[in-house]
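Here the structure comes first, spelled out in structure tokens, and everything after it is commentary.
Values in this text are rule-based calculations from the coordinates and carry no lab data. Every value quoted in this text rests on a predicted model; they were computed, and no experiment measured them. We place every Cβ from the backbone using ideal geometry, glycine too, and count neighbours over all the protein chains shown.
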Ligand SMILES: Nc1ncnc2c1ncn2[C@@H]1O[C@H](COP(=O)(O)OP(=O)(O)OP(=O)(O)O)[C@@H](O)[C@H]1O
Ligand SMILES: [Mg+2]
């Protein structure tokens, strides 16, 4: 298992709301702090990442901006990527601009499926190929915050589909390059982010299976995010039950009623046990090492919180299945 | 403010109930829960999921869901209080099969049908590319609503960034078929590859040249042939798309928004309200799922105590715990942990109330219902779990009080 910091391209994926953007940001922060030149690219209509890293940050847009030393962020907008691609292919920016102004063209593109995914991955390929003046890679590590699974797999499958739907021409050739990149274990890693609950756990198992069987994108570990830490100290594993046994009339000045204390304690114990159980299931069903990230009590925003998660993410010795 | 709708009345009276919402908020669970309530009210109910992740099959406890309705066994339904006239069937959209069936229906000849199904472009757009889920889902809903053997159709919409892709799919498809470029590609001579671009207006010519340059001329020919094959059926298709849309925004249908208190989920949900309003789709209500509620106060959270750990409270609680424990019980640490659990939980309750206030107030103002389902200790993964969720959605009219609180906030 090559350390995450030494990868070229990490595509973070998972169900909606599992923490993909948080994980992408956390990895970007520790990698940049470790001296890597990092690009983190958010895919989709909205930008969340800059504001997670630095609350209140302005959007970074397609051109991107450095959020910290060695940490560049951008959002890949498919139309902008398409304009750039056509500009490179045709060479005449004016022609491309007029094509984009053509209403029929916009209509055609708005209605056509698939090209957004392809052009987005094409842009990632282009970024991966970029070099600086010394001929070194422009970025050491590129992190892509991919759309939620379901769409996430479609996203990765599009180059193959285009390869078989288009018979000839540059498009076919370029789709081939993209496909080679995302299937190459030396360059690409898909990093699934899951939550340790029943349905996300099952979906993750399905995702990994489909990745292995159909899509062929390398995956070597699963991130299980927001795991509730053990809530009670050693020797007090049944604290919730003890609280429930306290006399109902007991009043602790400055504290909620004991019944409420018992209910809250039971909630945390329930979540912790549930998380532990489903983490185990994810490990067994995917047969992959698991990296767990704690559920942070005060949210996962800002550089400090993200660094905590980032270090947990890159710490070696992930739990083996 | 109008009298809010009642979720139970919606399930009892409407013919189509569409659950919208971003991914990860429990839309599929909610759809299953609505469908179960429909069956319990004695309606013959079908629930359609588009979710490829099989959540619905899991929750309903059926092994496989297919493109045709599968009935839940009668014994199970009876045990859940479904009367004999009620029925609950579930299906999972098979995009390819549904689209193929559509083609078969509208193709004007067997030859046209074969030509489409064999076309390279068709083989891909109909199943592999993003967006076709919505086209097919619309079609399936319509097909179900035409059937005589179901009274209620509950739809779980595809996970997508644009909640309304689903609703807008037919319009986009029509716009696409009507667009000038497509009309040109529909020219038979174009498909035959004999026509130069020169006869077109300059703008169009330029676009075609760009596409050709990138994709090769054969791709344009394939597209053209595909569209040509579609042309014969586009009238039927157009008519159908119009009917589907009419039915979905008509009085027999209801849209319910599924949301969760996660800040991103609520901002998505607010965006969705705007888009629904712009599309003139009336919203029946919102269900906010996985809300942390303060123990013992039921569905309406009251003010939650916010407190620093107070050493006297730690000592008093430690003493109470120690009274009933062995000498080696870490009473002090345990008391601290117990208070921390309550503080942590109170934080969730406060955050959730704050992040959902605006959403709930907006829905309530427009006369929609507002329901909260608490974050349950376990997962909702079986029929009993669905009944439990249903108790929160269809139980007492807590929404009025909720809305008042939210608007005051
Ligand atoms: N380890 C954690 N501890 C506490 N909160 C977390 C943690 N990870 C993520 N969160 C919170 O969970 C929410 C969802 O996280 P995030 O936006 O990263 O998810 P996502 O998978 O990118 O969502 P989407 O599918 O909407 O893009 C955010 O509010 C985030 O702050
Ligand atoms: Mg995200």
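Run the numbers on segment A:261-321 and let me know its relative contact order in percent, using alpha-carbon pairs under 8 Å that are six or more apart.
Averaging sequence separation for qualifying contacts and normalising by length gives 39 percent for segment A:261-321.
Using only Cα atoms and rounding to the nearest 10 degrees, what angle (0 to 90) does helix A:151-165 make with the longest principal axis of chain A?
It works out to around 20 degrees.
Residues of B:315-327, mean number of Cβ from any other protein chain within 10 Å of their own Cβ, rounded to a whole number?
3
Largest first, please: the extent of the C-alpha atoms of segment B:1-119 along each principal axis, to the nearest Å.
For segment B:1-119, the Cα extents along the three principal axes come out at 53, 43, 29 Å.
Subtracting the Cα-Cα distance from 0.36 nm times the residue separation, let me have the gained length for residue B:147 to residue B:365 in nm, one decimal.
Extra length from residue B:147 to residue B:365 when fully extended: 74.9 nm.
222 nm [θ] for chain A, helices only, -39500 (n - 2.57) per DSSP H run of 4+, per residue, to 500?
-15500 deg cm²/dmol
Residue A:100 versus residue B:309, label points 7 Å from Cα toward the beta carbon: distance in nm?
Modelled inter-label distance: 5.6 nm.
Have a look at segment A:195-273 and give its Rg and Dmax from the Cα atoms, expressed in angstrom.
Rg then Dmax for segment A:195-273, in Å: 19.7, 62.
Considering the convex hull of the alpha carbon atoms of segment A:85-192, report its projected area averaged over all viewing directions, in nm², one decimal.
The number I arrive at for segment A:85-192 is 8.5 nm².
Can you tell me what share of the DSSP beta bridges in segment A:1-159 is antiparallel? A percent to the nearest 5 is fine.
20
Based only on other Cβ atoms within 10 Å, what is the fewest-to-most ordering of B:71, B:333?
In increasing order of surrounding Cβ atoms, one gets B:71, B:333.
Which order do A:40, B:207 fall in if you start with the one that has the fewest other Cβ atoms within 10 Å?
Least crowded to most crowded, the residues run B:207, A:40.
Under 8 Å for C-alpha pairs, at least 6 residues apart: give me the relative contact order for chain A, rounded to a whole percent.
It rounds to 23 percent for chain A.
Could you work out how far helix A:20-33 tilts from the main Cα principal axis of chain A, as a 0 to 90 degree angle to the nearest 10?
The helix A:20-33 is inclined about 80 degrees to chain A.
Report Rg/Rh for segment A:12-91, rounded to two decimals, where Rg is the Cα radius of gyration and Rh the Kirkwood radius.
Radius of gyration relative to Kirkwood radius: 1.01.
Please sort B:144-157, A:248-261 by packing, taking for each peptide the average over its residues of neighbouring beta carbons within 10 angstrom, highest first.
Averaged packing, sorted descending, gives the order B:144-157, A:248-261.
If you take the C-alpha gyration tensor of segment A:215-321, multiply each eigenvalue by 5 and take the square root, what semi-axes do you get, largest first, in whole Å?
Each semi-axis is the square root of five times an eigenvalue, giving 35, 17, 10 Å.
Arrange A:125, A:115 by Cβ neighbour counts within 10 Å, fewest through most, would you?
Ranked by crowding around the Cβ, least crowded first: A:115, A:125.
What is the antiparallel percent of DSSP beta bridges lying wholly in chain A, to the nearest 5?
Around 15 percent of the beta bridges assigned by DSSP in chain A are antiparallel ones.
In whole percent, what relative contact order does segment A:181-321 give with Cα contacts below 8 Å and a gap of six or more residues?
29
Working from the pairwise distances between different alpha carbons, so that the mean of 1/r is found and then inverted, what is segment A:222-262's Kirkwood radius in Å?
This gives a value of 12.3 Å.
Among DSSP beta bridges lying fully in segment A:36-96, give the percent that are antiparallel, nearest 5.
Around 35 percent of the beta bridges assigned by DSSP in segment A:36-96 are antiparallel ones.
Cα axis of helix A:115-129 to longest principal axis of chain A: angle in degrees, 0 to 90, nearest 10?
Here the helix axis deviates by roughly 90 degrees.
Could you grab the Rg to Rh ratio for segment B:36-89? Cα atoms only, Kirkwood for Rh.
0.96
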